[in-house]
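Data block below; observations after.
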Amino acid sequence: MNIGIFSDTYYPQLNGVATSIRTLAHGLEKKGHNVYIFTPWDPRTPETDEPNVYRIPSMPFLFLRNFRAGLLCPPHLSKKIHAMNLDIIHTQTEFSLGFLGKYISTTQGIPLVHTYHTMYEDYVHYIAGGHIITQEMAREYSKFFCNTTTDVIAPTKKTEDLLLSYGVTTPISIIPTGIDTAHFRKENYSPEEILALRHSLGLEADTPVVLSIGRVAKEKSIDVVLSSIPALLEKLPTAKMVIVGEGPEKENLEVMAKNLGIDDHLIFTGGKPWTEIGKYYQLGNVFCSASVSETQGLTFAEAMAAGVPVVAKKDPCIQDIISHNKTGLLFEDAETLPELLYQVLTDEALHNNLSKAGMETMKNLSAENFCTCVENLYENILQSGNRPEKVSPPAIPLVIGARAAKKITKFPRKLVENRFTYTKQLAKILPYINKHK
């Protein structure tokens, strides 16, 4: 099969969507398929890019640092996409590149599969504090996008239930994203290599480390974990928290740590390339997250594959991989978190049991099984003959813009009519945003 994957985020950006795409693309290529990835250009893109990745001209996204918004698709690339004779289009995001995938699907009559990775109602605060885009609008938009596809992939039952509550009527297939467990194995790294990494961050060999890896963003609730550190330090004064990743919440967390008097116990490493992430997991004596905005929570799975015990806030998205006191520790009340962290960091038997159970559990969440399930879905769609009706393209095939979206997908009238209102509101707040950057 010739498969086109369209996403507004991909490497060098480091997040769960990028990881999922790379895992899927590599797995499908191993099965003999041709996979082409279309994503916005990023200034951090290495000079020698992956051969199957096509970068669309882009601009910075105003409200989210280090993210890019795709612009127009160059004519030469449009011709190249047409010549690829794509059998399946698989969108991974719902914005500029998602619309490019939808545009090609609609104008060429190619089946469109969409993976719903992100619960956008938890992210509206990025757009002027939620005053322009409301949670209800985010839910309506998700319903609209999913209902114009051939099939939707939900990583978990939690995500399926969410989409059904939105009113999504397109068939939904639950396919958990697999991970390449080999990439995170402890044996990939020598004790000397990990010790050198610790020393580079000012950590000793025996420093107890509470680890967080992922986007440093408000919805990740890193502040909940950080607020537990003072109580942990009362019983374990040498403990430190290491945060690996980048994002808009870093400055707020630094201020919070200073106000709590624990800034000497907090270390930010910044974002790290995918090739090094496995090594950074080995810094942690425990991996902790209080996020409940995940659709699957790949970092939990990666930590478990790396043999790092996980302490997490109870949430449906991880109920299939984390059982309390068996494969990890779960908390509902933040007041209990310091004690759970202390137990894992000081009870060697508990630490080892959780580590071994976590690694064993991750064997069932293999990349191979993930890719096989997606491949089967593609094949079933193609065999069914369920193809979208071709629609003549507009004179200028815009990737973004409400007019093009309306021609391609019959964009919900409410959102189209309100776009002018949103533009006026945005114009009013832009001077304030620029002044207070």
Original post:
In the range 34-43, which residue that is open to solvent by less than 10 Å² (accessible area, probe 1.4 Å) and modelled with pLDDT of 90 or more is farthest from the chain's Cα centre (by Cα)?
Top reply: Val35
Subject >> Pick from the range 235-265, criterion over 21 Å from Leu14 (Cα atoms) and touching a residue at least 40 places away in the same chain (Cβ under 8 Å), ranking: least open to solvent (accessible area, probe 1.4 Å) >> reply: Ala239
Subject >> Hits in the range 209-222 - residues which are surrounded by fewer than 20 Cβ atoms within 10 Å (Cβ to Cβ) and either of a type in the set (S, T, N, Q) or assigned to a loop (DSSP other than H, G, I, E, B) (or both) >> reply: Ser221
Subject >> Residue match in the range 174-183 (condition: closer than 22 Å to Asn369 by Cβ, touching a Pro at 6+ places or on another chain (Cβ under 9 Å), touching a residue at least 40 places away in the same chain (Cβ under 8 Å) and part of a helix (DSSP H, G or I)) >> reply: no
Original post:
Which of the residues spanning the range 246-266 are outside any helix (DSSP H, G or I) and more than 26 Å from Val17 (Cβ to Cβ)?
Top reply: Gly261, Ile262, Leu266
Subject >> Pairs, first within 15 Å of Asn380 (Cα to Cα) in the range 141-153, second among the polar types (S, T, N, Q) and surrounded by 22 or more Cβ atoms within 10 Å (Cβ to Cβ), C-beta under 6 Å, six or more apart >> reply: Ile153/Thr115
Subject >> Per-region count, the range 6-18, residues touching a helix residue (DSSP H, G or I) at 6+ places or on another chain (Cβ under 6 Å) and either more than 19 Å from Thr181 (Cβ to Cβ) or polar (S, T, N, Q) (or both) >> reply: 6
Subject >> Failed criterion for Val225 (all others in (1) without any contact (Cβ under 8 Å) to a residue 12 or more places away in the chain; (2) not in a loop (DSSP other than H, G, I, E, B) hold) >> reply: (1)
Original post:
Just for the range 275-289: of the residues that are in contact with a helix residue (DSSP H, G or I) (Cβ under 7 Å, 6 or more places away or on another chain) and hydrophobic (A, V, I, L, M, F, W, C), which one is farthest from Asn188 (Cα to Cα)?
Top reply: Cys288
Original post:
Conditions: (1) within 20 Å of the chain's Cα centre (by Cα); (2) without any contact (Cβ under 8 Å) to a residue 12 or more places away in the chain. Pro191 meets all but one. Number of the miss?
Top reply: (1)
**OP:** Sort out for me the strands (runs of 3 or more DSSP E) sitting completely within the range 44-158 that have 1 or more residues that are hydroxyl-bearing (Ser, Thr, Tyr), over 16 Å from the mean Cα position of the chain (by Cα) and modelled with pLDDT under 85.
**Re:** 58-60
**OP:** Considering (1) more than 26 Å from Asn252 (Cα to Cα); (2) open to solvent by 20 Å² or more (accessible area, probe 1.4 Å); (3) touching a residue at least 40 places away in the same chain (Cβ under 8 Å), say which one Gly271 fails and leave the rest.
**Re:** (1)
**OP:** Spot the failing condition for Ile243; the list is (1) of a type in the set (A, V, I, L, M, F, W, C); (2) within 18 Å of the chain's Cα centre (by Cα); (3) closer than 22 Å to Pro155 by Cβ, and only one is missed.
**Re:** (3)
Original post:
So Lys31 fits all but one of (1) open to solvent by 30 Å² or more (accessible area, probe 1.4 Å); (2) at pLDDT below 90; what number is the exception?
Top reply: (2)
**OP:** Determine whether Leu164 is within 30 Å of Glu389 (Cβ to Cβ), at pLDDT 95 or above and not charged (D, E, K, R).
**Re:** yes
Subject >> Qualifying positions in the range 184-202 - surrounded by fewer than 16 Cβ atoms within 10 Å (Cβ to Cβ), out of contact with any helix residue (DSSP H, G or I) (no Cβ under 8 Å at 6 or more places or on another chain) and either acidic (Asp, Glu) or assigned to a helix (DSSP H, G or I) (or both) >> reply: Glu187, Pro191, Glu192, Leu195, Ala196, His199, Ser200
Subject >> Lone qualifier among Ile222, Ile179 - being at pLDDT 95 or above, touching an Asp or Glu at 6+ places or on another chain (Cβ under 7 Å) and within 21 Å of Ile318 (Cα to Cα) >> reply: Ile222
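The values are calculated or read from the model by the stated rules, or taken from the named source; none is laboratory data. All values derive from a computational prediction rather than experimental measurement. Every residue, glycine as well, gets a Cβ built from its backbone with ideal geometry; the counts of neighbours run over all protein chains shown. The protein model used for the area step is the full one, side chains on, heavy atoms only, and it has no ligands, DNA or RNA in it. Shrake-Rupley method; radii C 1.70, N 1.55, O 1.52, S 1.80 Å.
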